[in-house]
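The values are calculated or read from the model by the stated rules, or taken from the named source; none is laboratory data. Keep in mind that what you see is a predicted model, and the values were worked out from it rather than measured. No Cβ is skipped: glycine too gets one built from the backbone with ideal geometry, and neighbour counts run over all protein chains shown. Heads up: the accessible areas ignore ligands, DNA and RNA and are worked out on the full protein's heavy atoms, side chains in. Shrake-Rupley method; radii C 1.70, N 1.55, O 1.52, S 1.80 Å.
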Amino acid sequence: MPDPLVIVSNRLPVTIKKSAAGLLEVTPSNGGLATAIASLPAATSRLWIGWPGIASDHLTAADQRSITEQLAKLDCVPIFLTQQQITQYYEGFANGALWPLFHYLPGYSQHHDAEWQAYRSVNELFAHHVSKHASDRSTIWIHDYHLMLLPSLLRRQHPGASIGFFLHTPFPSYEMFRQLPHRKDLLLGLLGADLVGFHIYDYAVHFAHSVQRLLGYESSESRINLRDRIVRYDAFPIGINYELFATAHQQPAVKAEMDRLRKHYGDTKIILSMDRLDYSKGILNRLEAYATFLERNPQHHNLVSLAMVAIPSRTDIPAYAQLRDQVDQAVSRINGRFGTVEWTPISYQYKNLPFEQIAALYAESAIALITPLRDGMNLVAKEFVATKQTQPGTLILSEMAGAADELPEALRINPNDRAAMVRAIERALSTPPTQQRKALRIMQNRISRYDVRRWAEDFLQELSDAHDHRSIAAVPLLDASRRAQLVADFRRAKRRLIILDYDGVLAELVSTPEPDAAKPTPERKQVLTQLAAQPDVTAAIISGRTRDALEDYFGDTTLNLSAEHGAWYKEQGSWQ
């Protein structure tokens, strides 16, 4: 029987809570990743490893045994974390340092050595537990920025395993990423994988560029060439459960919510804003743009309403608590300035909504205003498009969201340009329904073909291919038989020409062009000198380095030298 697919993420697709009476409650998650894994063919056996969402400080040994037994029935394995680990690893380094920097908000990024040590320690803890359930035959799929050290840790323990990593956030440009104190450790951690996946190709290119600049490894054709193997990187834009949202309007519970919204809003057009309450989502910019729209367009007063849903997120982190206060104040200020007894400009909810209410809002909204400052993908945009099967609507989408690459028919805006956001709202309200439906149909056709199941299957197929290619590349090219044949051919030959590349062959690859960084060791230079002195042997070194560097390295030998990729050539002691 084949080994199960091992999925590893910070959180399991369930949440464990302990009631006031001490009872343990297990609640399933409906996140995008959980949907993707659940959509894989039933024949794909799987095991999910991660944190169950409750600190071990609140659990007895009996509780932990009970949780482990309950989750085993769901093919899940819990990793228990203390409150201190959660505070330092999750809230600290992962969400206090990595998350803001990956979203191009370095002012929010804070680095503390204790939090980095906790991050490393928890990644090692994950490696320990995953290794109990994995082997060299396993396929291991690791998810997101919380576990960037894990691929390399697992590679050491299971060198033959097929290891994939997918990043669900943006990967920032080199200039942004280099600000992290532990940037090299994170990249080396990721390079333990056979395949590193991103939402869009821009993020993949940023990753490869950072690897080249910080570690010195070259890449081509989405492959990074390490000394002993090849790592692939590619773009896999995550999709949604398209069928679920496309047919939502047919569900009785959704229909009831749609009726309730029609009665509540009447002829007022709904502008929908739905996000996690996060500073990367651009919520304050959006509110200010909406206020400017109301100021410039009094004719739309009483005719539009912003339905704003903010989903609680990381409530224990001070920056998020501060953002909530700022949003509350902005909503109150706008409603106080423009509202009347009959009309409230903004309807604001700070809570999680059930599926039927979310789907009804998508279906009934005239506009979806989705304007993150930076977003890895943004599935709300795709869900809105998929749900709009019977009614027209317009998607206003930030060009900084990964989804913008797949949804060019949306009205795309710069989320920092409030005037552009105002113009987009005005245009959306004046666009004829036939034109709205045409744009929706084009986008629906596109995202229906690459849904969440296709995303998971594509990644796993390319991971399998990458593992096979890595295995081939790792085969020793100079085994004992080939070596014996090479020596015999050398001895029989009357004339012998040996051409040797320099960087990466005669010298280790280095990340700096400085000549001294790649100077040959005395031992290597002695071997090359002896080789060139053999009868009827011509030995040549080719390099992209300057002729001055090669002259410094080998000027006192009889070696032939080719510098600057052939622009200069030294034969019999003179440069040409």
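The number of residues in the range 362-375 that are open to solvent by 10 Å² or more (accessible area, probe 1.4 Å) and under 22 Å from Thr247 (Cα atoms) comes to 2. Looking only at residues in the range 8-24 that are closer than 30 Å to Glu124 by Cβ and free of Cβ contacts under 8 Å to residues at least 40 places away in the same chain, the one that is least open to solvent (accessible area, probe 1.4 Å) is Thr15.
Taking the listed residues Leu190, Leu244, Leu272, the one that is open to solvent by less than 10 Å² (accessible area, probe 1.4 Å) and within 28 Å of Ala310 (Cβ to Cβ) is Leu272, with no other qualifying. Taking residues in the range 425-448 that are open to solvent by less than 90 Å² (accessible area, probe 1.4 Å), and partners anywhere that are assigned to a helix (DSSP H, G or I) and among the polar types (S, T, N, Q), the pairs with Cβ atoms closer than 9 Å and at least 6 places apart or on different chains are Ala428/Gln436. Restricting attention to the range 93-126, the residues being in contact with a helix residue (DSSP H, G or I) (Cβ under 7 Å, 6 or more places away or on another chain), open to solvent by less than 80 Å² (accessible area, probe 1.4 Å) and farther than 23 Å from Phe207 by Cα number 5. Considering the range 332-360, and only residues there that are touching a helix residue (DSSP H, G or I) at 6+ places or on another chain (Cβ under 7 Å) and farther than 29 Å from Pro28 by Cβ, the residue that is surrounded by the most Cβ atoms within 10 Å (Cβ to Cβ) turns out to be Pro345.
For the range 283-291, check the following and say yes or no: at least one residue is more than 24 Å from Glu399 (Cα to Cα), of a type outside the set (Phe, Trp, Tyr), out of contact with any Ser or Thr (no Cβ under 7 Å at 6 or more places or on another chain) and assigned to a helix (DSSP H, G or I). Before the answer, list the steps.
Taking the range 283-291 and keeping what is more than 24 Å from Glu399 (Cα to Cα), we get none.
Checking the range 283-291: not a single residue is more than 24 Å from Glu399 (Cα to Cα), of a type outside the set (Phe, Trp, Tyr), out of contact with any Ser or Thr (no Cβ under 7 Å at 6 or more places or on another chain) and assigned to a helix (DSSP H, G or I).
Candidates are the residues of the range 199-224 that are more than 18 Å from Glu462 (Cβ to Cβ) and polar (S, T, N, Q); the one that is surrounded by the fewest Cβ atoms within 10 Å (Cβ to Cβ) is Gln212. Restricting Ala480, Ala410, Ala420 to residues that are within 23 Å of Ser305 (Cβ to Cβ), without any contact (Cβ under 8 Å) to a residue 24 or more places away in the chain and aliphatic (A, V, I, L, M) narrows the list to Ala420. If you take the residues of the range 40-86 that are in a helix (DSSP H, G or I), in contact (Cβ under 8 Å) with a residue 12 or more places away in the chain and of a type in the set (Val, Ile, Thr), which of them is surrounded by the fewest Cβ atoms within 10 Å (Cβ to Cβ)? Going through the qualifying residues, I end up with Ile86.
Inspect the range 369-382 for any residue being more than 22 Å from the chain's Cα centre (by Cα) and either within 25 Å of Asn30 (Cα to Cα) or at pLDDT 95 or above (or both) and give the result as yes or no. There is at least one residue in the range 369-382 that is more than 22 Å from the chain's Cα centre (by Cα) and either within 25 Å of Asn30 (Cα to Cα) or at pLDDT 95 or above (or both). Being in contact with a Ser or Thr (Cβ under 9 Å, 6 or more places away or on another chain) and either in a helix (DSSP H, G or I) or farther than 23 Å from Ala289 by Cβ (or both) narrows it down to one residue among Ala363, Ala368; which is it? Of Ala363, Ala368, the one residue that is in contact with a Ser or Thr (Cβ under 9 Å, 6 or more places away or on another chain) and either in a helix (DSSP H, G or I) or farther than 23 Å from Ala289 by Cβ (or both) is Ala363. Picking from residues in the range 525-556 that are open to solvent by 20 Å² or more (accessible area, probe 1.4 Å) and of a type in the set (S, T, N, Q), the one that is nearest to the chain's Cα centre (by Cα) is Thr546.
Which ones in the range 163-178 are within 17 Å of Leu460 (Cβ to Cβ) and open to solvent by 10 Å² or more (accessible area, probe 1.4 Å)?
Once the filter is applied, which keeps residues that are within 17 Å of Leu460 (Cβ to Cβ) and open to solvent by 10 Å² or more (accessible area, probe 1.4 Å), the range 163-178 yields only His168.
Residue pairs whose Cβ atoms lie under 7 Å apart, separated by 6 or more positions or on different chains, with the first residue in the range 268-295 and within 17 Å of Gly336 (Cα to Cα) and the second open to solvent by 10 Å² or more (accessible area, probe 1.4 Å) and modelled with pLDDT under 95, do not occur.
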